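**Student:** My questions all concern the structure below.
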Amino acid sequence: MSDLWDFLRGALMTKALAAVVDAGVPEALADGPRPVSELRGDEDTLYRLLRALASDGVFHETEPRLFEHTERSRLLLAPGWSEFAHLFGGVFFEAAADLDAATAEATFPQRFGAGYWEWLARHPDERAVFDAAMAGERGEPAERLAALEWREGEVVVDVGGGNGALLAELTRRRPELRGIVFDLPETVRDEAALGDRVDFAAGSFFESVPAGDAYLLSGVLHDWGDDDATRILHTIRTAAPAHARLLINESVIRPGDDPDGAKWLDLLMLVLAGGRERSEEQWRALLDAGGFRVESLDSPIVATCR
């Protein structure tokens, strides 16, 4: 019964977490406990928000109306977490509010009057938050990519690579590589932070991509339905030499009822842009249609040119 109640009230937790993040609470508590009266916002409302979150281990009330970080809430100071809290309590929340079992269409365009990517282009502040969220903590995926076999001087093209954080991490671990971050020109980035082995190129992956020895897609294909995802793959295959590899940093949905965050992320992809997470069978079919042969469905997914 209590687990079902947690599901029913989950929307309130999402909004509460976004509200305290947008009020700057994680940063305000970074150096130790602070009374609610010293935080930004309506004192009574902020107290009620923090009291509710603390009851589930997010923040801790050390004395009446005095709060500090817990292990959980301190994550909000790490790269990407506060940005995701803002998004899940904002545009993601509004899009999910229209989720309906009767349609397979994305709900975002109807509510916001534009597709998600078009809307981000019109709202640079939200685009900056999105790019920061997607950059997040790149150490783990970079480590998995670095563990693959690489040849000296290979050029890795990070297609839809955002601010380049992942490719910068990879080239720090594998200095024999060079990289190109490829994304829309409005992508928020600091090109100086990419290092001297990574360049940024602007463009649309529906039109063309730079030539390279390996192509990286990190959290890109799940944003799109199969037709558009196939178009992206065809664009890459057109540019790719025969020896090139395709490396995909995304989930593979496994059968059965075991806990799987990808099954929830799948619903977010549906409402935002009509995208989806994919099973093994769906990945094989998509990559085959795009001109690639699956070599491995581990993390990352590895495919070669057909």
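**Student:** Which residue out of 97, 142, 201 is outside the structural domain of residue 274 (by TED's automatic domain parsing) and either aliphatic (A, V, I, L, M) or modelled with pLDDT under 90 (or both)?
**Tutor:** 97
**Student:** Hey, another quick one. Report yes if some residue within the stretch 117-132 is touching a strand residue (DSSP E or B) at 6+ places or on another chain (Cβ under 7 Å) and over 21 Å from residue 77 (Cα atoms); otherwise report no.
**Tutor:** There is no residue in the stretch 117-132 that is touching a strand residue (DSSP E or B) at 6+ places or on another chain (Cβ under 7 Å) and over 21 Å from residue 77 (Cα atoms).
**Student:** Further question: Please count how many residues of the stretch 175-217 are among the charged types (D, E, K, R), under 19 Å from the mean Cα position of the chain (by Cα) and over 20 Å from residue 231 (Cα atoms).
**Tutor:** So the count comes out to 3.
**Student:** Within the stretch 159-177, which residues are in contact (Cβ under 8 Å) with a residue 60 or more places away in the chain and under 19 Å from residue 298 (Cα atoms)?
**Tutor:** 166
**Student:** Moving on to the next point. Among (1) crowded, with 17+ Cβ neighbours inside 10 Å; (2) under 28 Å from residue 107 (Cβ atoms); (3) free of Cβ contacts under 8 Å to residues at least 24 places away in the same chain; (4) not hydroxyl-bearing (Ser, Thr, Tyr), where does residue 265 come up short?
**Tutor:** (3)
**Student:** Now, a different point. Working only within the stretch 148-169, note down all residues that are in contact with a strand residue (DSSP E or B) (Cβ under 7 Å, 6 or more places away or on another chain) and not in a loop (DSSP other than H, G, I, E, B).
**Tutor:** Passing the criteria: 155, 156, 157, 158, 159, 166, 167, 168.
**Student:** The conditions are (1) under 22 Å from residue 225 (Cβ atoms); (2) in a helix (DSSP H, G or I); (3) hydrophobic (A, V, I, L, M, F, W, C), and residue 76 fails exactly one of them. Which is it?
**Tutor:** Against the list (1) under 22 Å from residue 225 (Cβ atoms); (2) in a helix (DSSP H, G or I); (3) hydrophobic (A, V, I, L, M, F, W, C), residue 76 comes up short only on (1).
**Student:** Could you check the stretch 196-221 and list, in sequence order, the residues that are under 22 Å from residue 272 (Cα atoms) and not in a loop (DSSP other than H, G, I, E, B)?
**Tutor:** Answer for the stretch 196-221, where residues must be under 22 Å from residue 272 (Cα atoms) and not in a loop (DSSP other than H, G, I, E, B): 217, 218, 221.
**Student:** Quick check: anything in the stretch 284-296 closer than 25 Å to residue 136 by Cβ, β-branched (Val, Ile, Thr) and either at pLDDT 95 or above or not assigned by TED's automatic domain parsing to the domain that holds residue 197 (or both)?
**Tutor:** No, the stretch 284-296 has no match at all.
**Student:** Got at least one residue in the stretch 241-251 being at pLDDT 95 or above, surrounded by fewer than 20 Cβ atoms within 10 Å (Cβ to Cβ), under 24 Å from residue 115 (Cα atoms) and out of contact with any helix residue (DSSP H, G or I) (no Cβ under 9 Å at 6 or more places or on another chain)?
**Tutor:** no
**Student:** Tell me yes or no: at least one residue of the stretch 102-112 is within 25 Å of residue 205 (Cβ to Cβ), out of contact with any Phe, Trp or Tyr (no Cβ under 9 Å at 6 or more places or on another chain) and not acidic (Asp, Glu).
**Tutor:** Checked the stretch 102-112: at least one residue is within 25 Å of residue 205 (Cβ to Cβ), out of contact with any Phe, Trp or Tyr (no Cβ under 9 Å at 6 or more places or on another chain) and not acidic (Asp, Glu).
**Student:** If you take just the helices (runs of 4 or more DSSP H) that sit entirely in the stretch 80-147, which of them hold at least 1 residues that are surrounded by fewer than 15 Cβ atoms within 10 Å (Cβ to Cβ)?
**Tutor:** 91-97, 108-112, 116-122, 124-135, 139-146
**Student:** Given the structure, is residue 67 in contact (Cβ under 8 Å) with a residue 12 or more places away in the chain, closer than 30 Å to residue 23 by Cβ, among the aromatic types (Phe, Trp, Tyr) and touching a strand residue (DSSP E or B) at 6+ places or on another chain (Cβ under 8 Å)?
**Tutor:** Yes, satisfied.
**Student:** A follow-up question, please. Kindly provide the set of residues from the stretch 206-223 that are surrounded by 21 or more Cβ atoms within 10 Å (Cβ to Cβ) and of a type in the set (Phe, Trp, Tyr), ordered by number.
**Tutor:** Result: 215, single match.
The values are calculated or read from the model by the stated rules, or taken from the named source; none is laboratory data. Please read all numbers here as calculations on a predicted model, not as lab measurements. We place every Cβ from the backbone using ideal geometry, glycine too, and count neighbours over all the protein chains shown.
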